[in-house]
Amino acid sequence: MIEHGHATHRGLQREHNEDNYWADARHGLWLVADGMGGPGHGEVASAIAVEAAVNAIRAGNGITDAFRRAGAAMLGHPARQGAASPMGSTLAAIRLHGRERFEAAWIGDSRIYAWQNGKLARMVHPPSPRAPATEADATAAEIPLAAPRRRSTQALGITPALELAAETVAGLCAPGMQFLLCSDGVTEELGDACIAMIVSRIDLTAQECVDHLVLAALEAGGRDNITALLVRVG
């Protein structure tokens, strides 16, 4: 069984919500995008990123190619012509193949976390080939991930499509494993310990955990748009 929860909020200080997301448990696909480019353009950028990536994956393309197609779609979009500042978007994606295997990729500072064996770990590039691929200590290293650090400095619509570091990272799922995708409206307000405390609440549904994350980010200041998706593998 795959359970998921999802929510987005404008936050307390922004006039527009420039985040966008996709949550599709039936097809095992979840994405979060955080647009940039100012009012009227940031929300367009994130919508283009999500729509183009979803369409590419549905057409049979892998996540790497889907990210590059999304970047190309944004670079060629007419809305870029009227943007006062560069129009771009982050993008984070999780794709599940049943309950056996997952793929993950991200561009920009939208994050993906994995919860396993009672620990929350952010997917990051290991400092050496033998190091754990998460920020948790080695006990959480069962998650075989690797991703270039330069991903955090890139953005769809700004980085040339063929230069996007969107290689897919993959691993095996385990019962009770969870994945959290979120924009920086969550991570700028909440530390990993707070996020872990909420995600660990197995007495709550995935949707209730997401609602708690959004409320906690709002209570902490809500200075940016807030988006969170939580995926549980039963």
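Every number here is computed from the coordinates shown, using simple stated rules; none is lab data. The structure presented is a predicted model; accordingly, all values stated were derived computationally and were not measured. FYI the Cβ positions are ideal-geometry reconstructions off the backbone, even for glycines, and counts take in every protein chain you see.
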What is the distance in Å between the Cα centroid of the stretch 186-224 and that of the stretch 6-37? 15
Taking other Cβ within 10 Å of each residue's Cβ, how do ILE107, ILE198 sort, fewest first? ILE198, ILE107
Length-normalised contact order of the stretch 2-233, Cα under 8 Å, at least 6 apart, in percent, tallies to 27
Using a cut-off of 14 Å between beta-carbons, work out the net charge of the residues near ARG58 (Lys and Arg +1, Asp and Glu -1, ARG58 not included). 0
